[in-house]
Each structure stands twice: as C-alpha cells, then as structure tokens.
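Reading through the structure tokens given below for one structure.
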Amino acid sequence: MTSDLKSSFGYRAVTANERRERIRRVFSAVSHRYDLMNDLMSFGLHRLWKRWMVKAAAPARGQVIVDLAGGTGDVAQGMAGPDRNVLVCDPALAMMEVGRQRGLEHVSWIAGEAEALPFATGSVDCITIAFGIRNVTYLDRALSEILRALRPGGRLLCLEFSEPQRWLKPFYDLFSFLVIPRLGAWVARAPEAYHYLIESIRRFPDQEQLKRLFEETGFGDVRYRNFSFGIVCLHVASKPADRGDSPGDLAHRRP
C-alpha cells in the first residue's frame with residue numbers, strides 16, 4: 001500500500017519525484033481558494049472535524065506543537081497561545097504565505113516535509129496533521145520521522161478522509177466524482193487538483209490499515225474515532241515512554 005503511494009498521482013502512475021512536484025503544484029494552484037473550497041466540499045464540516053482534533057490534542061502550557069502540512073494555519077490557530085510554541089510545518093510555501101498574511105498570533109511558520117522534519121529528536125510534544133498524510137510521497141518514512149521528532153510520551157493526531165459506512169458509500173462516491181471536480185473547476189479554477197483529491201482518498205489506507213501502519217512504525221496506544229459515518233477518521237497514537245533516542249539521530253534540527 002505505501003509503495004503504491006510513492007508511484008502514483010491519484011490513479012496515474014508517476015515517479016516519486018514527479019508525484020512530489022505535482023502535489024506541490026496542486027497546492028500552489030489552489031492556495032488562495034483552499035479554505036473556501038474546503039467549506040464548499042464539506043458543507044463547513046471540516047471546521048468541526050478540526051475543532052474535535054484540537055480538543056483531542058489538548059494543547060497545554062509549555063508545549064512544542066507542530067501542525068504538519070498545516071497549510072494556511074487554521075488548525076494551528078486553534079492550538080495557539082502565548083504560553084506554548086505552535087509551528088506550522090509545510091512544504092507548500094504558497095499555502096503558508098496565505099496564512100502569514102492573516103497575521104495569526106502565536107503561530108510560527110517553517111518549511112519542511114514529513115519525510116525529513118526540521119526538528120531535533122525528541123523535541124516535540126504533539127504533532128497534528130489534518131488531511132495531509134495522504135499527500136506524502138513516502139508514508140513509511142514520514143511516520144518514522146514523526147516518531148523520531150516526538151518526545152517519549154508525545155502524541156500524533158492524524159485527521160484524514162477514510163472509508164465511509166457501506167450504506168453511505170454510493171452517495172459519497174456520486175458527490176465526490178461528479179460534484180467536487182466541478183466545484184474545483186468553477187471556484188478554484190483547478191479541476192486537476194480536485195480530481196487528484198478524490199482519487200488520492202480512494203487509494204489511501206482505510207481506518208484499520210492506517211492503524212496497523214502506525215503500530216508497525218513503533219507507535220503505541222493507537223486508536224481511532226470515525227466522524228460523519230467514517231468519511232473522516234481521527235487516529236491518535238503515542239511515542240512509547242521507554243523509547244530512547246538513537247545516537248545517530250539528527251540532533252541539530254531545532255523547532
């Protein structure tokens with residue numbers, strides 16, 4: 001499953017480098033209409049799903065919190081405060097620039113991709129990622145990097161589209177394949193981006209498959225909760241408290 005991701009862009013076969021470049025072009029193209037499209041596609045529900053994730057993250061005083069693939073900063077804004085260090089980390093510079101222009105308080109921005117996080121080993125208390133994990137090129141590397149960057153006992157919260165309940169799937173597919181690409185063409189003027197969005201969801205591991213990938217990487221206490229009848233799922237996992245840092249880890253990386 002993870003090997004399929006690095007050689008695909010939706011349903012098209014591509015090289016890993018081509019996948020990375022295509023995805024970056026997609027987010028550059030939709031950056032100024034991204035939040036509006038999310039509102040239209042989800043009927044505003046994405047804001048509720050993200051609020052639930054922020055509540056589960058329970059940001060606290062003194063923590064270092066990274067919102068990975070954080071884009072325009074809507075999740076980071078919900079976690080931000082003057083007594084903690086909240087960072088958006090994303091390879092899509094155009095997306096982060098939209099967020100920067102909003103002047104979000106107590107939010108910092110740093111360019112970086114999941115497969116090579118710019119943070120020291122064991123330096124992060126909590127990593128969140130909302131609707132971004134399926135866009136990484138090497139999912140196994142990304143999960144390993146997230147585990148490395150977390151302190152022992154630190155948590156990963158991953159919000160992602162998943163497998164809806166069987167009764168809902170025909171209606172969900174009809175809306176996805178017929179309506180969303182047309183919205184993308186009309187509102188964002190980027191139909192390719194939203195064809196990719198729908199296809200990438202269908203190729204991504206479902207709830208149980210993603211849970212197993214987390215566990216195989218080394219995460220502990222992995223659990224998940226479905227929202228909206230399984231259209232979206234929140235996975236929560238922890239770095240085991242007894243997991244030490246390896247001497248060869250990249251200790252020069254700092255948040």
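Which value at 222 nm does the chain reach when only helices count, each DSSP H run of 4 or more adding -39,500 (n - 2.57), with the total divided by all residues and rounded to the nearest 500 deg cm²/dmol?
-11500 deg cm²/dmol
Taking the charge dipole of segment 16-119 about its Cα centre, with +1 at Lys and Arg Cβ atoms and -1 at Asp and Glu Cβ atoms, the residue from Trp109, Met41, Ser28 reaching farthest to the positive side is Met41.
Compared with the direct C-alpha span, the chain from Arg102 to Val187 gains 28.5 nm at full extension, assuming 0.36 nm per residue. Distance between the modelled labels on Glu215 and Arg61, one decimal in nanometres: 3.8 nm (7 Å Cα→Cβ projection). When each of the peptides 202-210, 54-62 is scored by the mean number of other C-beta atoms lying within 10 Å of its residues, the order from highest to lowest reads 202-210, 54-62. A simple spin-label model places the labels of Val14 and Phe227 2.7 nm from each other, with each point 7 Å out along Cα-to-Cβ.
If R0 is taken as 25 Å, the Cβ-Cβ distance between Ala111 and Trp52 corresponds to a FRET efficiency of 0.35.
Ranked for footprinting exposure by Cβ neighbours inside 10 Å, fewest first, Glu97, Glu192 give Glu97, Glu192.
If you wrap the tightest convex hull around every Cα atom of segment 2-238 and split its volume per residue, you get 108 Å³.
Rule-based calculations on the coordinates, nothing more; no lab input. None of these values were measured; they are calculated from a predicted model. With ideal geometry, Cβ positions are generated from the backbone for all residues, glycine too; neighbour counts draw on all protein chains shown.
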